[in-house]
Amino acid sequence: ADLGALVSFRDHNAKVATVHEVCAATSSEVYADDAGFLCNVVAAAKRGRSMKCALAGHCQCLPKKSGATVGCGNARCRKTYHARCALATGWAFGPNQSFWCPKHRLADHDPDDLAPEDALLE
């Protein structure tokens, strides 16, 4: 899976995190501001260092034990994945970057997360 270019993000304290574009955009606490810039990426990267990927023995990412910042949309679910591992479960991210783990999903994408042109096709 193409995770995009490595991009450096800086927070208000001048701390820097360099992550793939897709990894940043799909992290649970990251959001786009009114200008379209991703916010809270440094905090997500810091939190991710302590998060283990739920794909466990099948995880293809390095390091395997950290960096998993994509959380399940079910508020009670504690599973987190690397973006690449979330895609490996068969998930397709839409414009809102929502994710549901295999246990909690009803399909391979969030039906509320369609691009406007996709909604016209249904």
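About its Cα centre, how strong a charge dipole does the chain have in debye, to the nearest 20, once Lys and Arg get +1 and Asp and Glu get -1 at the Cβ?
Charge dipole, the chain, about its Cα centre: 1160 debye, nearest 20.
Return a single number: how many Lys pairs in the chain, at a sequence separation of 8 or more or on separate chains, have alpha-carbon atoms below 16 angstrom apart.
9
Could you please tell me the mean projected area of the C-alpha convex hull for region 55-94, averaged over all directions and given in square nanometres to one decimal?
Convex hull of Cα atoms, orientation-averaged projection: 3.0 nm².
With a 1.4 Å probe and all protein chains left in place, how much of the accessible area of region 1-92 comes from carbon and sulfur atoms, in whole percent?
Carbon and sulfur atoms account for 52 percent of the accessible area of region 1-92.
Quick one: give the max-minus-min coordinate of the C-alpha atoms of the chain along each principal axis, largest first, in Å.
Principal-axis extents of the Cα atoms in the chain, largest first: 45, 39, 28 Å.
The values are calculated or read from the model by the stated rules, or taken from the named source; none is laboratory data. On a predicted model such as this, the values are computed, not experimentally measured, just so you know. For neighbour counting, all protein chains shown are included, and Cβ atoms are generated from backbone atoms with ideal geometry for every residue, glycine included. Surface accessibility is based on the protein's heavy atoms, side chains included, excluding ligands, DNA and RNA. Shrake-Rupley method; radii C 1.70, N 1.55, O 1.52, S 1.80 Å.
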